[in-house]
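Only one structure is covered here, and it is reproduced in the block below.
The values are calculated or read from the model by the stated rules, or taken from the named source; none is laboratory data. From a predicted model like this one, the values you see are computed outputs, not experimental measurements. Note that each Cβ is placed from the backbone with ideal geometry, even for glycine, and that neighbours are counted across all protein chains shown. Ligands, DNA and RNA are excluded from the accessible area calculation, which covers all protein heavy atoms including side chains. Shrake-Rupley method; radii C 1.70, N 1.55, O 1.52, S 1.80 Å.
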Amino acid sequence: MNVLSLSERLTAVAAHLPESAHFVDVGSDHAYLPCYVCLQDPSSRAIAGEINHGPYKSAEKQVKLQGLTDRIEVRKGDGLAVVEPNEVKQVVIAGMGGPLIASILEQGKDKLGQVEQLIVQPNIDARVLRKWFLANGFVLQTEEILEEAGHIYEVLVAVRAGKELYDEDAIIRDKQLLFGPQLLQEKNAAFRAKWQEYKRKLERNVANMQRAQQVDEAKLASFKTELIWLEEELDD
């Protein structure tokens with residue numbers, strides 16, 4: 001058995017799984033995360049899902065190498081098609097764009113009946129996932145933001161029941177959906193770096209739109225609102 005270590009990003013994802021987890025890792029690649037979790041916790045079980053043949057075979061190889069074929073099953077399929085309804089208690093989807101993760105969850109909603117926890121790590125646009133949770137009976141429980149090797153990642157954890165983190169005021173809630181309600185409170189270094197870069201891009205977009213012959217006024221207004229929010233949150 002080889003010693004297995006995870007990136008900081010995936011270690012953060014794995015840390016949110018409970019003891020004795022029975023989870024699916026969608027887009028598992030080399031099955032590093034399921035293997036790591038099951039090596040750390042002998043009571044955990046996992047399904048590693050992968051749509052592409054090469055990563056699927058790599059995952060199979062890794063599971064065998066770690067001696068975990070009795071607790072990790074590697075399955076080939078698209079998204080949550082690799083699990084049956086009520087088969088798992090936790091769903092992990094990491095390393096994809098927020099819209100793609102939301103699409104996987106939406107297409108696989110019939111598999112989520114007994115799922116207690118969703119752990120997602122979007123590379124971009126976490127807002128769409130916060131909105132998906134709200135619309136589909138999941139409560140955002142915790143979130144974190146971290147920087148690794150020059151990239152900034154967010155990890156969101158949603159559960160079936162609990163206290164909503166969002167403000168009742170619609171405007172404040174819209175801001176929280178963009179930034180993350182907990183991340184907005186903490187404003188760590190990774191948070192500031194992410195949104196300072198986003199602010200620079202948004203300023204360029206607004207300037208370009210204002211020079212265009214035809215302007216999408218609704219989109220421009222939305223961008224200007226976000227710029228106001230960014231100035232408020234980054235200048236305090």
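Criterion applied to 149, 135, 207, 170 was being under 22 Å from residue 89 (Cα atoms) and either aliphatic (A, V, I, L, M) or in contact with a Pro (Cβ under 8 Å, 6 or more places away or on another chain) (or both), and the one residue passing it is 135. Test each condition in (1) open to solvent by less than 10 Å² (accessible area, probe 1.4 Å); (2) under 27 Å from residue 198 (Cα atoms); (3) among the small types (Gly, Ala, Ser) for residue 108 and report the one that comes out false. Exception for residue 108: condition (2). Checking 82, 115 one by one, the residue that is buried (at least 16 other Cβ atoms within 10 Å of the Cβ), farther than 20 Å from residue 18 by Cα and among the aliphatic types (A, V, I, L, M) is 82 and no other. Only one entry of 227, 220 meets the criterion of being under 21 Å from residue 169 (Cα atoms), open to solvent by less than 40 Å² (accessible area, probe 1.4 Å) and either assigned to a helix (DSSP H, G or I) or out of contact with any strand residue (DSSP E or B) (no Cβ under 9 Å at 6 or more places or on another chain) (or both), and that entry is 227. Hey, does the stretch 3-19 have a residue that's of a type outside the set (Asp, Glu), over 26 Å from residue 148 (Cβ atoms) and open to solvent by 30 Å² or more (accessible area, probe 1.4 Å)? No: the stretch 3-19 contains no residue that is of a type outside the set (Asp, Glu), over 26 Å from residue 148 (Cβ atoms) and open to solvent by 30 Å² or more (accessible area, probe 1.4 Å).
The listed residues are 94, 46, 102, and the only one of them that is open to solvent by less than 50 Å² (accessible area, probe 1.4 Å) and in contact with a His (Cβ under 8 Å, 6 or more places away or on another chain) turns out to be 46.
A single member of 202, 234 is open to solvent by less than 20 Å² (accessible area, probe 1.4 Å) and among the aliphatic types (A, V, I, L, M), and it is 202.
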